[in-house]
Amino acid sequence: MSDTATETHQNAARYDHQATEQKWRAAWDEHKLFETDNDAPGEKYYVLEMFPYPSGRIHMGHVRNYAMGDVVARYRRAQGYNVLHPMGWDAFGMPAENAAMKNKVHPAEWTYQNIDTMRSQLKSMGLAIDWSREFATCDVEYYAQQQALFLDFLDKDLVTRKSAKVNWDPVDMTVLANEQVIDGKGWRSGAEVEQRELTQWFFKITDYAEDLLQSLDGLDRWPEKVRTMQANWIGKSRGLQMRFELTEPAKGFDGFDIYTTRPDTLAGASFMAIAPEHPLAKALAEDDAALAEFAVEVRKSGTSAEEMEKAEKLGYDTGLSVKHPVKPGETLPVYVANFILMDYGTGAIFGCPAHDQRDHDFARKYDRPIIATFVPTDHEGDADTFVVDEPYVPPKTETVNWINQPAGVATATGQEAIDATIDWAEQNKLGEGQVQYRLRDWGISRQRYWGCPIPVVHCDTCGVVPEKKENLPIVLPDDVDFETPGNPLDRHPTWRDCNCPKCGGAAKRETDTMDTFVDSSWYFARFTDPKAAEPTTKAANDWLAVDQYIGGIEHAILHLLYSRFFARAMGEAGHLDVKEPFAGLFTQGMVVHETYCDGDGNWIEPAQVKIAGEGNSRAAHHAQSGAPIEIGSIEKMSKSKKNVVDPDDIIERFGADTARWFMLSDSPPERDVIWTEAGAEGAHRFVQRVWRIVSEFAANSADDASLEGQTIEPSKAVLDLRRATHKAIAGVTDDIEKLGFNRAVAKIYELVNTLSSALKADAMAKDAGLKVEGRASLVSLLGLIAPFMPHLAEECWALLNEPQMVAQTRWPVYDPDLLKEDEITLPVQINGKKRADLTVAADADKATIEAATLTLDAVQRALDGGQPKKLIVVPGRIVNVVV
RNA sequence: GCCCCUGUGGCGGAAUCGGUAGACGCGACGGAUUCAAAAUCCGUUUUCUUCGGAAGUGCCCGUUCAAGUCGGGCCAGGGGCACCA
């Protein structure tokens, strides 16, 4: 009997997260607290986390991502902003088709089932999300609008259809993205990927290259790293395009253009090289079987990074030669070379072995002369021979001594010299300055079923014809089969058949669908009015840009660059007035975990591992068998390494608040966080601790309604508590503003520690003021905690009988006057090392502090009767005595 | 090869403007409570120390009254881009 009673008592004294969390989620839902009205008062704030791909279940990375966004959303709400915080699904893509092929389940069914699962998982996190705006990109209502956008882009000449080289998987019979080609093989089929020339649809992102680059400067709330990566990706370079004349015309060519960023090395040219795909090379190959074979051979060898690195520089001497543009009478041989890319510049170069590593390698192999055009300023001796062993490639800023330069070429320093050479070339009609970008147009055609159909029609009479807007949406057919590899739309008996929108005759639909990156390039705009009959409405201009966007660094280039392009294109098509979609961007780190491996090299799940010891002496063994287990490196959670922790398990065992709290503690949000069982338990202990402090306080102060309205002279304990509380409010507010969640967490811990020792039952019994102040302090604490652990905050709020819910109340405010101390302790340094403390009034002037400093024992000892050489007093900070 | 980031206790990290290095958490150790345990509470926890102190933020040098923080040169780890002419 007594055992049962004790047990019941203990259970009652613990916070029951399962029942409590559900209760408060229901309460928020009932009040429709997080549904956002586009026309609600208050300054707008749009917080968005990158929407998930519905792969099956959420993982810890999602928990971290959405916990961060939720802190921001709840914090801004509490500050009185009209907050938009929506959620949706990036739902098209290959995994659904792979599942269809493997498990004979329709991609739509598989996708929507996953969405249902993941939605309920996300809801169990207690996120302050407006679920009424939810959509999936595979919803007809969404992709219908995307098709409308496509037609508008087409109308504005932002889309083009052209032939391009793509990765073709001959087994799966589809184009693969570069990321899906691993070591030259298809990631799914394992087949050798071929380069195929196919006619594809492209978005003309290169039209915006300069704008996309320039505007990066204005994105001051983006990580520097992401801006740099985008700038590098766009890859702007300024150089010289110039024509080289053939000594004798060949196959109708009398010369060809080259592009160089180092025209200052022109005098050092010793050969010419063109890409195997260059029109001249192709023309020559018609009559030259050996050259044709050479071209095929070089392109057969892999395109992977490693292979490239090892690949030898290979050239084929065409027998042709060109006139040297700055050395009259001299000629240069023309090679077809494997290291020249048709994609960049003009697909042709002049080789300058003295100042370029690749050209140097080539020249040594094919025995071409090495002619320097400049040498280091400190070089002594024979200028012409110093680059024999390796090329000299100085930074553009380095001063050099010029040699072998033709008359009339400016020989200034670095970039100036390059610009001057371009001017010189232009004046002498040798060529002209050119800006080149590395950025390529965005190929969006995919030979896939599970994507947004491209709304165009192929008519024998009229050619490629855009579908009429009134015929949209072009809906994906349901009855498709995945038994045969390739695109089911191609094989569908009737779907392709249609009438030409122009002539009305029989025609065929485009069977390519759009890259899924198109879907995610404008979803943030759609959230502002998700049910509108047009892609966007006025609401998009009202809400955008997204004030705070949060997601993984892996999207630094693709998704974020495409979205920036889309905002511009949508502007051109009259759908949006905001050029930059994301005003603030934050890229969070991954969730990582130790890996465990048994003696046979099998990965072991964390749940089956027991660990003993600490530091270097940590040892692991199998929980059941006791077999020794090797503790491996800490890596990103992945199914293949079995180092995953399922959010569902954690939420069930510890509650959503614990999971959220742990994800935001300890590690700075931009860095990786290591998941540990101990850390999760620690977070859970804190949840219990807060609840216990509040319940005990509530129990102790229940009978003190009489204190209301009474004026009590505050004791020192009361004042200290008040000051600590206001300091915490100031600190946490500042930290959340800067997304320093880990620092905010630490400050909340400090306040809880202070409260825990201040609000002891006996102290409160002696000091009635503590009860009044304690309540005020706890109310502030709950306000601070609410964005992080919303369920716990509501439960404690109710325990204190506070009106309404925390989620309906304002962010706590602090009184700056209370942050000031009456007395402060200054560190006293002697020769820069701290040797003593000095307690003075906070407003003490320099003279007072100086006098007090000289009386300190440590200072007297150091002075040994003498005078300090120097006495530095920084009021409010430090004192330094120099002896 | 080019570009970028990061190095602080046993561990994650804090130090926001050049001004007390190690906040806060985890782990560990000691104690209280308990028949016992869990839970909880109270301590200790950078290193060395002759208990007075001394040293200390990857390494070396510099600027400064004062450097984790600024400058120069290294070392180590991580990331991005890459035959881009």
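For chain A, the longest principal axis of the Cα atoms and the long axis of helix A:414-427 meet at an angle of about 40 degrees. Per residue of chain A, the DSSP helices (runs of n ≥ 4 H) give a summed -39500 (n - 2.57) that works out to -11000 deg cm²/dmol at 222 nm. Given a Förster radius of 56 Å and the C-beta distance between A:Lys610 and A:Ile824 as r, what FRET efficiency does 1/(1 + (r/R0)^6) yield to the nearest 0.05? Once rounded, the FRET efficiency stands at 0.65. According to the square roots a ≥ b ≥ c of the eigenvalues of the Cα gyration tensor, what is the shape class of region A:225-367, taking rounded for a/c under 1.5, prolate for a/b larger than b/c otherwise, and oblate for the remainder? Verdict is oblate for region A:225-367.
A DSSP coil position with no more than 14 other Cβ atoms inside 10 Å describes the following trypsin sites (Lys or Arg not before Pro) in region A:787-846: A:Arg810, A:Lys820. Sparsely packed loop sites in region A:494-567 (the trypsin sites (Lys or Arg not before Pro) outside DSSP H, G, I, E and B with at most 12 other Cβ atoms within 10 Å) comprise A:Lys531. With R₀ fixed at 35 Å, the C-beta to C-beta distance from A:Asp220 to A:Ala699 puts the FRET efficiency at about 0.10. Each part reduced to its alpha carbon centroid, region A:29-101 and region A:207-261 end up 38 Å apart. Spin-label pair A:Lys469-A:Arg692: with each label point 7 Å from Cα along the Cα-Cβ axis, the two points sit 6.5 nm from one another.
For region A:57-151, applying the loop criterion from DSSP together with a ceiling of 16 other beta carbons within 10 Å to the trypsin sites (Lys or Arg not before Pro) yields A:Arg57, A:Lys104. Calculate the FRET efficiency for A:Glu737 and A:Lys760 from the Cβ-Cβ distance with a Förster distance of 35 Å, rounded to the nearest 0.05. It comes out at approximately 0.55. Using the Karplus relation 6.51 cos²θ - 1.76 cosθ + 1.60 with θ = phi - 60°, the per-residue 3J(HN,Hα) values for region A:770-785 come to 5, 5, 5, 5, x, 4, 4, 5, 5, 4, 4, 4, 5, x, 5, 7 Hz, with x marking Gly and Pro. Look at A:Phe741, A:Phe697 and count the other Cβ atoms within 10 Å of each Cβ; fewest to most, that gives A:Phe697, A:Phe741.
Label separation (A:Ala283 vs A:Glu197): 1.6 nm, computed from points 7 Å beyond Cα along the C-beta direction.
On full extension, the segment bounded by A:Leu341 and A:Lys156 gains 63.5 nm, given 0.36 nm per residue less the C-alpha separation.
Ordering A:Phe92, A:Phe788, A:Phe202, A:Phe34 by the number of other Cβ atoms within 10 Å of each residue's own Cβ, fewest first, gives A:Phe202, A:Phe34, A:Phe788, A:Phe92. Here region A:727-846 is assigned +1 on the Cβ of each Lys and Arg and -1 on the Cβ of each Asp and Glu. Its dipole about the Cα centre then comes out at about 400 debye.
This ranking places A:Glu737, A:Glu49 by how few other beta-carbon atoms lie within 10 Å of each, fewest first, which gives A:Glu737, A:Glu49. Working from label points 7 Å from Cα in the Cα-to-Cβ sense, the A:Ala19 to A:Asp497 distance is 6.5 nm.
Think of each Lys and Arg Cβ as +1 and each Asp and Glu Cβ as -1; about the Cα centre, that makes the dipole of chain A roughly 1040 debye.
Bear in mind that the values in this text are calculations on the coordinates, not laboratory data. None of the values given here were measured: they were computed from a predicted structure. Cβ sites come from the backbone with ideal geometry, for glycine too, and all protein chains shown count toward neighbours.
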